Amino acid sequence: FDPPPRPVLDAAKVVAVAPRGDVVEHAFAVEAPGATLHFQIIQMRDQLYVWVGAGGVGEPPMHGELSMALKTRMSDTPAVTTLLGAGGTGGGGEGVGMTDCVSNQVAQRLAKRTGKCVVASCNIPADLSMLQVFAEKTLLAKLKELGL
């Protein structure tokens, strides 16, 4: 270039910010009859992200459904919507059917309980309905332990 380009001056400044612990992750696994349940809870100031996956022997857990729920001023029941999937094959198309929008139900119950916006992904095969109950009880016990 003739003349060479000059840097443009602007008012933007980069300021280093020390982490305050506003985002905290909790990940754990629990052995259950017929599968290993994997949990991930990401706790933010006004939001909670929960992922639950079931993996059988030699079978990794997957991320298929994703739902969000939050309280509104119009109703005591939190509004809920499906962000990914809708039951079906869990997004991966692998043929293992997930329960019909169990993520919606979990997100809605947790939003009502915590008062936070909740994004939930519960990926447990439909043929393991007792495992779903066990997973939700385990999740609620952990949330209680965390003070939520």
**Prompt:** Name the residues in the range 103-148 that are charged (D, E, K, R) and in contact with a Phe, Trp or Tyr (Cβ under 8 Å, 6 or more places away or on another chain), would you?
**Reply:** LYS142
**Message:** Regarding the range 29-43, can at least one residue be identified that is out of contact with any Cys (no Cβ under 6 Å at 6 or more places or on another chain), surrounded by fewer than 10 Cβ atoms within 10 Å (Cβ to Cβ) and at pLDDT 85 or above?
**Reply:** yes
**Request:** Only residues that are β-branched (Val, Ile, Thr), assigned to a helix (DSSP H, G or I) and open to solvent by less than 30 Å² (accessible area, probe 1.4 Å): list them for the range 101-137, please.
**Result:** VAL102, VAL106
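The values are calculated or read from the model by the stated rules, or taken from the named source; none is laboratory data. Quantities reported herein were computed from a predicted structural model and do not represent experimental measurements. Note that each Cβ is placed from the backbone with ideal geometry, even for glycine, and that neighbours are counted across all protein chains shown. Only protein heavy atoms, including side chains, enter the accessible area calculation; ligands, DNA and RNA are left aside. Shrake-Rupley method; radii C 1.70, N 1.55, O 1.52, S 1.80 Å.
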